[in-house]
């Protein structure tokens, strides 16, 4: 058992749950702290404890979820919970990440980390409270939506302040797009992690606690937090996010309507203003907004709260409509009906689906229908024509319950296209198997590189840098990335270095547990490595210089990379992305004619591998890189597998 | 006689709970929302937040600006005056 001595910053405990044996054990967190917490700690446990030859939905599969040392503290945006699993889609690593209030409550319940293995013989949920944990029956919860599940658990536990992270029908039915939903609308979306929960008969985790978290140097921590809050309040990017949410800041072409975005399954990235105008943020705000909501300790509150009248005088409270929603369910499907977008997001939240995943696979189905590869017979009479909002809504339910065509789509776009065949693989939009719902891929070359090289499969939340949109002073750009070209969207120079840098940087951010919107990712004046070092030291007493933090981030990213090599056999060819982005240029708008050049992309990829110290031909890691990072065990495992250069 | 008090503006609240934690922190020097004189309650059906300032609030007499007001970035809390009993 863990000692009752509590460290500062960390709650001090790691909870191990074996669902096969119905056993909970508590360990001290201390042996794992070289990886900080959250993503770093979860990744290491996943790497250490996952056999290479298992399926993500096998009982031996590991779920490692955790909140870093700043979560539950007052640092801006210190809310994030990381959920690492073996990805159902890529068979490599998945690091899903969710805000809301669950992570902070986990800390107050006395835990930093939960590690789950095994499979329960019938549906269960985990109840974690004040340093204790118990596994309880979820027989009565199976089949319920995420919203019904949260309400039922709070009722059973007779506490309205219990925080719940749970799966919906999609997770129970092992859909590749199933995610974990916290606070009814916050999604740990990536890698089909909801299906891993479902495979273990684990419906939910409920947390509640009243245990305080110590602060090493309270006065220093408080004064630095206030200083950061002031800096955030002065940031133009943060102000835009606060005022308009991610929808207004980045969605439907961004604030000026000129940002390229995925259109009709990424066939194009130009959506004319006469369509985009129907889905502008102001349309939603004026019609349905009743307020804003924030994750724990967030000064930005980027989430709109909408009240949508439905049948019989009732209303639906809808959260979680972000830029990815309006792109994925809007331009990506050519849908211009804002009400359908709201209904779609509400369904996605209730059913426990990942917005990007379902948007991508539905886009593929629409295109297959357009090309005559799917017919009315295959769709049970549903017309999958571009712009058909009712078809989109119907498919969301079909996917979650694996009914009709939904059973095919619930396998993920890569597998669905393999089964359908007939050339449909060419327009299955994924990288490494992870579905994508993107913007500015053809026009902003570094953004594309960050998406295609992401260890999560695809997605812009690892290495993809916003410097191409924000601009950067030439001197600073040269000092950090060797060239001022890094700030020019159309250039392929400096992007490899920038991507590698942001991969390490964001590994640190996720391991401490703060939100990217508080960091220099969105505004170069916001929280950087030096700031994180100050917060970490005053919170925990642990002194780690900024450069050493970045090295820890690099270690974490290398653990993920090695996991992908060992578990999924990924190589350089998996870092190139779909051909469509190279072959079909943007049709119109300010970036008309833009597409990726394969030769230049490969040069950029070389620069990226060199920045990491990886092998150019295979994309594998090298002895010298892993020696430099002190990752002896990772090196040995790769060498044993014959996958080390 | 006039005495300062915390005035809440619930329509501005986004439910981040920083005020709860800041209040507990100021009392205990720990992240401890359960020793707080402020409580945020979410009305799930209406999607709104209620702010409850408890009688135990001493308006941070030792601070120039109370901790909850310092940390709230949406100005859902402010300093007011009330007539003491």
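The values are calculated or read from the model by the stated rules, or taken from the named source; none is laboratory data. Bear in mind that the values here come from a model prediction, so they are computed numbers and not experimental data. Positions of Cβ are backbone-derived with ideal geometry, glycine not excepted, and every protein chain shown enters the neighbour counts.
Descriptive notes on the structure:
- Residue A:105 satisfies every condition listed in (1) in contact with a strand residue (DSSP E or B) (Cβ under 9 Å, 6 or more places away or on another chain); (2) away from chain B (no Cβ under 14 Å) except (2).
- Restricting region B:1-15 to residues that are within 12 Å of another protein chain (Cβ to nearest Cβ) and under 27 Å from residue A:539 (Cβ atoms), the residue that is surrounded by the fewest Cβ atoms within 10 Å (Cβ to Cβ) is B:14.
- Applying the set (1) more than 7 Å from chain A (Cβ to nearest Cβ); (2) in contact with a helix residue (DSSP H, G or I) (Cβ under 6 Å, 6 or more places away or on another chain); (3) within 19 Å of residue A:100 (Cα to Cα) to residue B:18 leaves exactly one unmet item: (1).
- Those helices (runs of 4 or more DSSP H) of region A:433-548 in which 1 or more residues are in contact with a strand residue (DSSP E or B) (Cβ under 8 Å, 6 or more places away or on another chain) occupy A:445-453, A:495-512, A:529-540.
- Residue ID - nearest to the other protein chains (Cβ to nearest Cβ), chosen from residues in region A:249-275 that are free of Cβ contacts under 8 Å to residues at least 40 places away in the same chain and either out of contact with any helix residue (DSSP H, G or I) (no Cβ under 9 Å at 6 or more places or on another chain) or surrounded by fewer than 22 Cβ atoms within 10 Å (Cβ to Cβ) (or both): A:255
- Verdict on residue A:387 being under 26 Å from residue A:320 (Cβ atoms), modelled with pLDDT of 95 or more and touching a strand residue (DSSP E or B) at 6+ places or on another chain (Cβ under 8 Å): no
- Once region A:187-215 is narrowed to residues that are surrounded by fewer than 24 Cβ atoms within 10 Å (Cβ to Cβ) and within 14 Å of another protein chain (Cβ to nearest Cβ), the residue that is farthest from residue A:73 (Cα to Cα) is A:208.
- Test: residue in region A:12-24 that is under 27 Å from residue A:631 (Cβ atoms) and modelled with pLDDT under 95: no
- Condition check for residue A:465: within 30 Å of residue A:567 (Cα to Cα), under 17 Å from the mean Cα position of the chain (by Cα) and either free of Cβ contacts under 8 Å to residues at least 60 places away in the same chain or surrounded by fewer than 24 Cβ atoms within 10 Å (Cβ to Cβ) (or both): yes
- From A:476, A:469, residue being outside the structural domain of residue A:268 (by TED's automatic domain parsing), within 21 Å of residue A:585 (Cβ to Cβ) and modelled with pLDDT under 95: A:469
- For region B:29-74, filtering for residues that are part of a helix (DSSP H, G or I) and at the interface with another protein chain (Cβ under 10 Å from one of its Cβ atoms) leaves 6.
- For residue B:25, the requirement of being assigned to a strand (DSSP E or B), buried (at least 23 other Cβ atoms within 10 Å of the Cβ) and within 11 Å of chain A (Cβ to nearest Cβ) is not met.
- Elements of type helices (runs of 4 or more DSSP H) in region A:581-645, at least 3 residues being more than 20 Å from residue A:44 (Cα to Cα) and modelled with pLDDT of 95 or more: A:598-612
- Of the residues making up region A:252-272, those that are at pLDDT below 90 and out of contact with any strand residue (DSSP E or B) (no Cβ under 8 Å at 6 or more places or on another chain) number 5.
- Every residue from region A:99-119 that is part of a loop (DSSP other than H, G, I, E, B) and either surrounded by 23 or more Cβ atoms within 10 Å (Cβ to Cβ) or within 23 Å of the chain's Cα centre (by Cα) (or both): A:99, A:100, A:101, A:109, A:110, A:111, A:112
- Total residues in region A:229-247 satisfying the condition of being within 11 Å of another protein chain (Cβ to nearest Cβ) and in contact (Cβ under 8 Å) with a residue 40 or more places away in the chain: the figure is 5.
- Test for residue B:82: is it outside any loop (DSSP other than H, G, I, E, B), modelled with pLDDT under 95, within 14 Å of another protein chain (Cβ to nearest Cβ) and in contact with a strand residue (DSSP E or B) (Cβ under 8 Å, 6 or more places away or on another chain): no
- Filter pass, residue A:105 being over 19 Å from residue A:27 (Cβ atoms) and modelled with pLDDT of 95 or more: yes
- Matching residues, region A:227-244, being closer than 28 Å to residue A:108 by Cβ and crowded, with 16+ Cβ neighbours inside 10 Å: A:228, A:229, A:231, A:232, A:238, A:241, A:242
- Test: residue in region A:63-80 that is more than 14 Å from chain B (Cβ to nearest Cβ), at positive phi and not in a strand (DSSP E or B): no
- Residue-level check: of (1) more than 20 Å from residue A:235 (Cα to Cα); (2) touching a helix residue (DSSP H, G or I) at 6+ places or on another chain (Cβ under 9 Å), residue A:530 misses just (1).
- Any hit, region A:216-224, residues being under 30 Å from residue A:157 (Cα atoms) and surrounded by fewer than 24 Cβ atoms within 10 Å (Cβ to Cβ): no
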